[in-house]
């Protein structure tokens, strides 16, 4: 199916997003918190493809040298789906280092089968997903549930790969890192 390249958030931002997942779930609304698998973590997707060849694994590991990267979570956004349902996300305010990291990831994934045009530089909308498959009549309830909150600053502290076929996630360590 897909293999993605993702940034993981620092413990404070991770906890903040998980709290929002819990608030949505407690209100009976769609929430990423409904997925209890160990690989389910708040993240920012940098690139996706059907399969990532072994030949670029070292280049992807080299990207880990650019982490940590500053992250600022912004307000709520809604992304529409073809079936009429909505995805609720926290926006991520872009900065030069984040854009450079994503551009390099997109360059490495360019030409691979199953890449997504929405992840090409200039079209990428960085975000952290809060919930999927919202019906239009649930939009107001989601805003009421989460209420007002300010932007939150922190860091993306790890780069990971996710293989949805194998249901396997792993952290990419920089070249030469023995851990």
For this session: Look at residue 59 and say whether it is at pLDDT 90 or above, touching a helix residue (DSSP H, G or I) at 6+ places or on another chain (Cβ under 6 Å) and assigned to a strand (DSSP E or B).
Result: no
Seminar exercise, completed: Of the conditions (1) over 19 Å from residue 40 (Cβ atoms); (2) touching a residue at least 24 places away in the same chain (Cβ under 8 Å), the single one that residue 150 does not satisfy is (2)
For this session: For segment 1-37, name all the residues that are farther than 19 Å from residue 168 by Cα, touching a helix residue (DSSP H, G or I) at 6+ places or on another chain (Cβ under 7 Å) and not in a loop (DSSP other than H, G, I, E, B).
Result: 18, 20, 21, 22, 23, 24, 25
Exercise. Filtering segment 123-179 down to residues that are outside any strand (DSSP E or B), in contact with a helix residue (DSSP H, G or I) (Cβ under 9 Å, 6 or more places away or on another chain) and under 23 Å from residue 106 (Cβ atoms), which residue is modelled with the lowest pLDDT?
Worked result: 175
Problem set entry | Unique match (being under 18 Å from the mean Cα position of the chain (by Cα), part of a helix (DSSP H, G or I), at pLDDT 90 or above and over 12 Å from residue 159 (Cα atoms)) among 64, 103 | 103
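Listed here are the residues, each with its yes/no results for (1) loosely packed, with under 14 Cβ neighbours inside 10 Å; (2) in contact with a strand residue (DSSP E or B) (Cβ under 9 Å, 6 or more places away or on another chain); (3) within 16 Å of residue 161 (Cα to Cα).
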position	(1), (2), (3)
66	no, yes, yes
99	no, no, no
123	yes, no, no
147	yes, no, no
For this session: Working carefully through the options 80, 75, find the one that is without any contact (Cβ under 8 Å) to a residue 24 or more places away in the chain and either closer than 19 Å to residue 146 by Cα or within 18 Å of the chain's Cα centre (by Cα) (or both).
Result: 80
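The values are calculated or read from the model by the stated rules, or taken from the named source; none is laboratory data. Everything numeric here is computed off the predicted structure, so don't read it as measured data. Neighbour counts are summed over all protein chains in view; Cβ atoms, including those assigned to glycine, are modelled from backbone coordinates with ideal geometry.
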